[in-house]
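Let me give you the structure first, and then I'll get to my questions.
The values are calculated or read from the model by the stated rules, or taken from the named source; none is laboratory data. Note that the coordinates shown come from a computational prediction; the quantities given were computed from them, not determined experimentally. Cβ atoms come from the backbone with ideal geometry, glycine included; neighbour counts cover every protein chain shown.
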Amino acid sequence: MNISNRIIVTPLGAGQDVGRSCILITIGNRNIMLDCGMHMGYQDERKFPDFSYITSDGNITDIIDCVIISHFHLDHCGALSYLTEHLGYHGPIYMTHPTKAIAPILLEDMRKHLVEYEEEAKYFTSSAIRDCMKKVTAVNLHEVVTVKEDIELKAYYAGHVLGAAMFYIKVGNDSVVYTGDFSMTPDRHLGAAWIDKCRPTLLITESTYATTIRDSKRCRERDFLKNVHECIDRGGKVLIPIFALGRAQELCILIDTYWDRMGLKVPVYFAAGLTEKANSYYKMFITWTNQKVRQTFVHRNMFDFKHIKPFDKTYMHNPGPMVVFATPGMLHAGLSLNIFKKWAPDEKNMLIVPGYCVSGTVGNKVLSGSKKIEAEPNKFIDVKMSVEYLSFSAHADGKGIIQLIKNCEPQNVLLVHGEEEKMKFLRAKIMQEFNINCYMPANGETVEIETANIHTFNMSTKLVKEILDDQSNNLGNGKRLVHGAFLLKNGSSNLNAMSVKDTFKELDIQRHTLRFTCTVEIKESSTIQKTKTKLYNMLENNLPIFKNKLTMSDGSISLASILVTVEDSMDNNKKKIVISWANEDEPLGNHVLEMLQNMSKSD
Amino acid sequence: MKVYCLSEDPNKPCFVIKLKSVTIMLDCGLSAHSVLNFLPLYPIPDWKPNKAAAWIPKNFSDPQIEGELNECMTNQVLVNSAPEFMTPLTKLVDFADIDVILVSNYMTMLALPFITENTGFKGVVYMTEPTLHIGKLFLEELVDFVEQSPKPNVAKYWKEILHLLPPPLCNSFKPHTWKQLYSLAQVNSSLTRVQMISYDQKIEITGALTVTAVSSGYCLGSSNWVIYLESKKLVYVSNTSTLTTHPRPMDQVNLKNADLMLLSSLTQAPAANPDSMLGELCLSVAVTLRNNGSVLIPCYPSGVVYDLFECLSSHLDSTALGQIPMYFISPVAHSSLEYSNILAEWLSQSKQNKVYFPEEPFPHAQLVKSGRLKHFKHVYTDDLWNDLRQPCVVFCGHPSLRFGDVVHFVEYWGTNPQNTIIFTEPEFPYLEALAPFQPLSMKAMHCPIDTSMNFTQANKMIKDLKPAVLILPECYAIPPAGFGHKNEFVIDQVDRKVLTIKRGEVISEKLDIKTVNVPFTTEMVVSVTLNELQSGLKASKFTAVLDTKDNKYKLDILRDDLLANKTTEPYLLETLFKKTYEWGQLDIDRFLRALTNEGVSDPKIEHNTHGYTIHLKSEDTLIQVDDKSTHIFCEKMDKNWRLKLRSIVMECLNSF
């Protein structure tokens, strides 16, 4: 019997980094890939996870047993079509229904940007994306999916974006929870992440905001609206670079209700032509939104916006104030970058970045204070517009991560999807607070976690019943003392446990009873009955632990296999006590004998 | 385990099973068949045709019965009172003892408030998300129908003189147990006890057993149930369909090789093929419309009605009747249509795929957008009458024709012979349903559509799934009246143990669980050393600690700290730890040699019928030995001697 197993984790991406999430785990001899993302900050091979780690060993489908995608953000699913259509992976892929619906749209969106700006867009054809998505199996929350007979998957609600899920993965006795990106606080359209006490062997959690304790959402919403309002009041244009789906819907709800309340007339546009389509997804997957949106959807669908109109490229040259939501969110390409280039030099204008921008993107550079941006080779732009970073991206903060650990009670924690320094801080905190191991491997670095191998045996229900019926073996706190025997038949892999009596029967051997009988005379002039009662009381007081096994009948007192009888002695002032016990109760029998001998001596 | 049957109608099932210490209710169907005995409730109060005359039994006069009974034109006698329903039997099981209720689909939960409200019920109700959403609509619609035309009087006395009443009223089944409907407040309170689950989710119940819902293919979110208790598997099959309609297909795999299967809710129209009925319906709708008549289809607010929208609209398109409007009238019509479009995960693959585009999964969403399908809350809303264009098709409830907006339409359109009423819900005999409205000029068609399995499909399924024991409603073992002795309407009772059950009965079935699977800790595994005691059999005694917290077992070694608070006395610890089990026969020669070695020189051996007696006079000790035992009578008060003797005896015996 193997005493221990191992869980092996190797991040190919998102190890001490944000972007191109891709984590390989080996659990119970199964290899599972968690997410298959793309790095938005790089244009070279660093854009993809380091697949050579697996492909160098041969056929990728033989190596990877299944792929799980946590949500539709490109840093979590962007490399999926590359994996399936270029590297030829054709094994199972799992994601939730909304992810399956929305991921191809974002992939397609990205493809367009790549085609526009890059040579090597050949992996990204529309048909490749379609073919890739055909290989995907959609799962429901909490449904237990069995893959290849021994892998169990279960998705939990993660908040973050529509359809985002945390995955519980179990093979044999070992289990892993992978959070993907999650959010522990509900927002205007999504609920908070939820997981039960599933006690995984390992929790792999994101740690984007590992060190941040975030202020209240209300404050950020107020700041956002204040900034927007001030900018349009001074006649400026507001650019909000954003993913078409996700945070966009939350901010649109926010702006739409604000415009309604304040009676504002300044145009609000949503670019990319995705609005209506995107909102249709939200309408049809309304069961994935929060309680309030779900309960009111029949009468008023939150995703029917009154004030937000589709954007046309030509509008960016229009005079006067306006608010524009444009994709992509990190200003790394496409329309949002074009608008930025046009509006950046005017100080009346404003850029509000509502999400995380990975390093290398224009968004990241602007946010880190660069006032001259090389948007195209040798072409610099002066950034005079005001720049605001208001983090609406829904990641759990340090407190939220700690809360999740409390909720699911893992035996080990591994941090991904964060920055090294912040991870170190959180790791120390986790190890201190929970007294468990916490790992934070870099990309390509492997962590091995020893896990106890749980063996099982078959216990006869008869023995279980005997144990539960006998109070004398109750050690408290649900623990029971058990005497029994294991029996293993040749050729059987099942170890059986049963009572000793049944073991003899099964073994077909004759039990041999070894008994002792001793006699003690004590000074006692009362009747036999009274003497017996006296002895009974003495045993009851001295051996409280066996109280339930102690009985008195006409002839004798019995305690487990011990029998005590009282007889008249030749001497009227004395009684003869006969005590007898079976060998299995030798220590106890001897103890009772000594008690009687002490009585006799003290007389 | 015990199975209790609480319902007399297998299509409104309600069973309770007691397993280990857990009490589970399977479904809680509400039988509305009783409402046929009541006068219809008119949704528009001042529009009440009086076709029924007061009635009292002949040669009988008692003021208490006055006003309770009416006779309609077909001579049928009906009760003038708020309608009453047949609820699950209350005497057999105390609802306060129920730990969980498993609800298979929205049709089998309509008695839920009767179970959970004011009964001391403390348990949890499990159902899928669609079952909850749509079930809520069914409950709300039912309450709305009954409450919109309140009856001030509650007739009771007729139940006392049942023997004086004409059929079918006199054949009423236990009318004393009939109950008036619950209130909306009770519905809402009842639904707060619901916990939503997914298909294939494993739900642990008190740590003792695991329950899983699997798709049954009957309607949105409909389930069958698999219950695991240790190595045993029980399945409960409720409404199940093997046909391809809008719901996710049935999952057979998880139902295979059960130790016990409980079957209920087969089709209520065993002689009717749903496909050909649907065909007939489409044809007669087209004929009626072409003759300038309108069509009334009594229906429930979800389920088959979605398929009717889809099939009928495409049939009308193909017969150049595409401009004919369809009206869906129900207090929950709008919600039903909206919900149907947000439950993609629970739909057939082809409907599910549509949302990826994204398009609404049901064509009726498009029909609503284009204005061909219109929905209204009530027949008495002005909006409806401003909009209503005839000829048209109207879908509305309730299929019993005793309450709901349909009552108005039967009266309103009934006088026109060009109109047609088409019955698709098989639950109510249509002629009985129409009785209080007679005479009618409108045509009546009976096209029962029940997608639940028929007997042939059920027999095939049972054969494939191979349950060891099958429990059936009694009526599934007997051919139904009116169908002669046709075996195609019974469940085969071959190849396995089959038990039948009916209302008020209890079946005890031994599950015979011999072992439970228990994990042990690493230390415990290491501590076990098996010795071969017989050829092919290895054994090892153990003293260990069984953790039984939360009904979940785990075996661990006995750790000192566990006993620390119990005792520190060494004798007790030894008693608890050092058990030995001797076997075989005493090796007498070895024993005597050992005694000599110890300096005991005077053993005197006497043989008797069972064995022999050994006297050790110098040590004041007598030893009786036979094949099965050794008994030492030690008169010498010397512990050392006794323990020495003990170890000598034990050396001459086998032990483990």
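Name the strands (runs of 3 or more DSSP E) wholly within the stretch B:478-558 that hold at least 3 residues that are closer than 19 Å to residue A:498 by Cβ and not hydroxyl-bearing (Ser, Thr, Tyr)?
Correct list: B:515-520, B:531-534, B:537-547, B:554-557.
When you scan the stretch B:323-340, how many residues do you find that are at the interface with another protein chain (Cβ under 9 Å from one of its Cβ atoms) and either surrounded by fewer than 22 Cβ atoms within 10 Å (Cβ to Cβ) or farther than 20 Å from residue A:301 by Cα (or both)?
Going through the stretch B:323-340 one residue at a time, the tally reaches 2.
When the residues of the stretch B:551-564 are filtered to those that are over 21 Å from residue B:656 (Cα atoms) and more than 8 Å from chain A (Cβ to nearest Cβ), which remaining residue is modelled with the lowest pLDDT?
Ranking the qualifying residues of the stretch B:551-564, first place goes to B:564.
Hey, another quick one. Which of the strands (runs of 3 or more DSSP E) found entirely inside the stretch B:1-109 contain at least 1 residues meeting this: at pLDDT 95 or above?
Passing ranges, in order: B:2-5, B:15-19, B:22-26, B:100-102.
Please give the number of the condition residue B:346 fails out of (1) touching a Gly at 6+ places or on another chain (Cβ under 6 Å); (2) more than 14 Å from chain A (Cβ to nearest Cβ).
In the conditions (1) touching a Gly at 6+ places or on another chain (Cβ under 6 Å); (2) more than 14 Å from chain A (Cβ to nearest Cβ), residue B:346 misses (2) alone.
Restricting to the stretch B:357-373, and then to whatever is surrounded by fewer than 20 Cβ atoms within 10 Å (Cβ to Cβ) and either within 14 Å of chain A (Cβ to nearest Cβ) or in a strand (DSSP E or B) (or both), can you tell me which residue is nearest to the chain's Cα centre (by Cα)?
The selected residue is B:365.
What are the residues in the stretch A:438-459 that are over 18 Å from residue A:211 (Cβ atoms), modelled with pLDDT of 90 or more and in contact with a helix residue (DSSP H, G or I) (Cβ under 7 Å, 6 or more places away or on another chain), if any?
The answer is A:444, and nothing else.
With respect to the numbered conditions (1) outside any strand (DSSP E or B); (2) within 30 Å of residue A:580 (Cβ to Cβ); (3) facing another protein chain (nearest Cβ under 7 Å), which one is the sole condition not fulfilled by residue A:517?
Just one mismatch for residue A:517, condition (1).
Sticking with this one: Could you grab me the full set of residues in the stretch A:589-601 that are more than 13 Å from residue B:642 (Cα to Cα) and either of a type in the set (S, T, N, Q) or at pLDDT below 85 (or both)?
A:597, A:598, A:599, A:600, A:601
Which members of the stretch A:345-397 meet the condition of being assigned to a strand (DSSP E or B), in contact (Cβ under 8 Å) with a residue 24 or more places away in the chain and exposed (fewer than 14 other Cβ atoms within 10 Å of the Cβ)?
Within the stretch A:345-397, A:382 is the sole residue that qualifies.
Each row is one residue, and each column tells you yes or no for (1) of a type in the set (D, E, K, R); (2) farther than 30 Å from residue B:654 by Cβ; (3) not assigned by the TED database to the domain that holds residue B:459.
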| position | (1), (2), (3) |
| --- | --- |
| B:497 | yes, yes, no |
| B:502 | yes, yes, no |
| B:533 | no, no, yes |
| B:536 | no, no, yes |
| B:541 | yes, no, yes |
| B:547 | yes, yes, yes |
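So which strands (runs of 3 or more DSSP E) stay within the stretch B:599-649 end to end and still have 2 or more residues that are without any contact (Cβ under 8 Å) to a residue 24 or more places away in the chain and surrounded by 14 or more Cβ atoms within 10 Å (Cβ to Cβ)?
Output list reads B:612-616, B:621-625, B:629-634.
Criterion first (within 8 Å of another protein chain (Cβ to nearest Cβ) and assigned to a loop (DSSP other than H, G, I, E, B)) does residue A:509 satisfy it?
yes
Is there a residue being more than 28 Å from residue B:143 (Cα to Cα), among the aliphatic types (A, V, I, L, M) and in contact with a helix residue (DSSP H, G or I) (Cβ under 7 Å, 6 or more places away or on another chain) anywhere in the stretch B:354-377?
Yes; the residues of the stretch B:354-377 include at least one that is more than 28 Å from residue B:143 (Cα to Cα), among the aliphatic types (A, V, I, L, M) and in contact with a helix residue (DSSP H, G or I) (Cβ under 7 Å, 6 or more places away or on another chain).
Read through the list (1) buried (at least 17 other Cβ atoms within 10 Å of the Cβ); (2) more than 24 Å from residue A:589 (Cα to Cα); (3) modelled with pLDDT of 85 or more, then give the number of the only condition that residue B:653 fails.
It fails just one condition, (2).
OK, next. Considering B:282, B:299, B:219, which residue is within 29 Å of the chain's Cα centre (by Cα), among the hydrophobic types (A, V, I, L, M, F, W, C) and farther than 30 Å from residue B:205 by Cα?
Only one candidate passes the filter, namely B:299.
Restricting attention to the stretch B:103-115, does a residue exist that is under 30 Å from residue B:304 (Cα atoms), of a type in the set (Val, Ile, Thr) and in contact with a helix residue (DSSP H, G or I) (Cβ under 7 Å, 6 or more places away or on another chain)?
yes
Conditions tested, residue by residue: (1) closer than 30 Å to residue A:146 by Cβ; (2) assigned to a strand (DSSP E or B).
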{"site": "B:133", "(1), (2)": "yes, no"}
{"site": "B:140", "(1), (2)": "no, no"}
{"site": "B:161", "(1), (2)": "no, no"}
{"site": "B:167", "(1), (2)": "no, no"}
{"site": "B:187", "(1), (2)": "no, no"}
{"site": "B:201", "(1), (2)": "yes, no"}
{"site": "B:204", "(1), (2)": "yes, yes"}
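Separate question: Helices (runs of 4 or more DSSP H) wholly in the stretch A:1-79 with at least 2 residues that are in the same structural domain as residue A:106 (by the TED database) and of a type in the set (S, T, N, Q) - which ones?
A:52-55
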